[in-house]
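Each value in this text was obtained by applying a stated rule to the coordinates, not by laboratory testing. This one's a predicted model, so the numbers in the text were calculated from it and none came from an experiment. Positions of Cβ are generated from backbone atoms using ideal geometry, with glycine treated the same way; all protein chains shown enter the neighbour counts.
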Amino acid sequence: MSKMAQDHGAINLSQGYPDFDCPARLRELVAKHLNGGKNQYPPMAGIPELRQQIALKVESLYAYKADPEHEITVTSGATEALFDAVQACVRKDEEVIVFDPAYDSYVPAIELAGGRAVHLPLTLPDYNIDWNQVERAITNRTRMIIINSPHNPCGAILDPSDLDNLATLIRDRDIIVLSDEVYEHMVFDGHTHRSVLGHPELRSRSMAVFSFGKTYHATGWKIAYCVAPAELTTEFRKVHQFVTFTTSSFVQYGLADFMNECPKHAIELPIFYQQKRDLFCKLLEDSRFRIQPSRGTYFQLADYAAISDAPDMEFVNWLTRKKGVAAIPLTPFYQQPPDTRIIRFCFCKDDSTLEQAAAILCDI
């Protein structure tokens, strides 16, 4: 969709990356280390300074004292971390429960491990998890459950009761939780992100994945991290060692310095993105799209049923080629798509970009 937007000169509200830059001070710090000789292999698990900053952040936000040496691993993007976690834990013919619409890297990682993805649909219209359905889906082959909150592509978030229900279901079973929390700092309307690391029972059997790229508006740097108990981290690192081995050194040093200097950046991010969400939703009030404001992430779903009966892929192609705004269809995120007319817009854009796009969308 990004290429189609570029080819047709459309405003790109499809792929999830900002059209503004990362913080100036962060760029200065990264450049300082780039020009200061930090250009050789760093430790496989990540430089100690960055892992220490991650540990401080995790303790501050989730009241969990992660061991930087044995429980935190820096990776070359969250996709790598998710892949490593699946490869480390899932064996041939084991089952992994995923919730549709599911981020598109989960299932390929499961299948490459020889496992089988068990798809459960989130319940409409709020994209919640039906825990009774989860209980029925668990078998003696279930090895892992993948959760994603805040959720891409839907913008839903998990509540404390969701984590409690998950803990209850797996309490007496040999099941690992893989928790995709890359949008942890984008939770709106006074809600708080609920991490598995903050749940006393789940943290001991979970692998939690986070993203520097999302938090610091630097998706192209492809740098993330996984926090997991020592025994799971040991297995995780066996895969990480032979997938990427390590991650660019000077970026790690810059991030460590920036986290130390500017801890408020992450704390203030929900306000920053809620303002963009509110602006985008307000701009579309007079459109024919039906909007239910996103609870998290920088994505906003929109129902176009009042505009067209076309399938979502056909509709976004038309929207991009003929109207000049690119969006993402939802059906590719499903194994069995529901009969809905919903697409995803990305609002991590300059206000002027959102205003230009909304003007076009309101004229449809």
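Per residue of the chain, what 222 nm ellipticity follows from adding -39500 (n - 2.57) for every DSSP H run with n ≥ 4, rounded to the nearest 500?
That comes out to -11500 deg cm²/dmol.
Here the extension length gained between D189 and D350 equals 55.9 nm, from 0.36 nm per residue of separation less the Cα-Cα distance. Stretching Q275 away from A306 to a fully extended chain increases their span by 8.5 nm, per 0.36 nm per residue minus the current alpha-carbon distance. Given the options T340, T247, T73, which has the most mean-square fluctuation in a GNM of the chain, springs set between C-alpha atoms less than 10 angstrom apart? Maximum among the listed residues: T340. Long hydrophobic helices in the chain, taken as whole DSSP H segments with a C-alpha length of 24 Å or more on their own axis and mean Kyte-Doolittle hydropathy at least -1.0: 264-283. Taking the Cα centre of the chain as the origin and placing charges on Cβ (Lys, Arg +1; Asp, Glu -1), which of F188, N39, A310 is farthest toward the positive end of the dipole? The listed residue farthest towards the positive side: N39.
Largest GNM mean-square fluctuation across M207, M144, M313, computed for the chain with C-alpha springs under 10 Å, falls on M313.
For the chain, which span is the longest to avoid every loop-located (per DSSP) member of GluC sites (Glu not before Pro) having at most 15 other Cβ atoms inside 10 Å?
With a cap of 15 other Cβ atoms within 10 Å, the longest stretch comes to 70-200.
Legend: distances between Cα atoms for K38/K349; K38/K276; K264/K349; K222/K282; K264/K323; pairs beyond 28 Å are K38/K349; K38/K276; K222/K282; K264/K323.
Annotation for K322 and S161: the two label points, set 7 Å from Cα along the Cα-Cβ direction, are 4.4 nm apart.
Length gained on full extension, Q292 to T139, computed as 0.36 nm times the residue gap minus the Cα-Cα distance: 51.6 nm. Taking a label point 7 Å from the Cα of S105 along the Cα→Cβ vector, which residues of segment 59-99 have an amide N closer than 12 Å to it? Of the residues in segment 59-99, 75-86 have backbone N under 12 Å from the label point off S105.
Taking the charge dipole of segment 24-261 about its Cα centre, with +1 at Lys and Arg Cβ atoms and -1 at Asp and Glu Cβ atoms, the residue from V243, I97, G114 reaching farthest to the positive side is V243.
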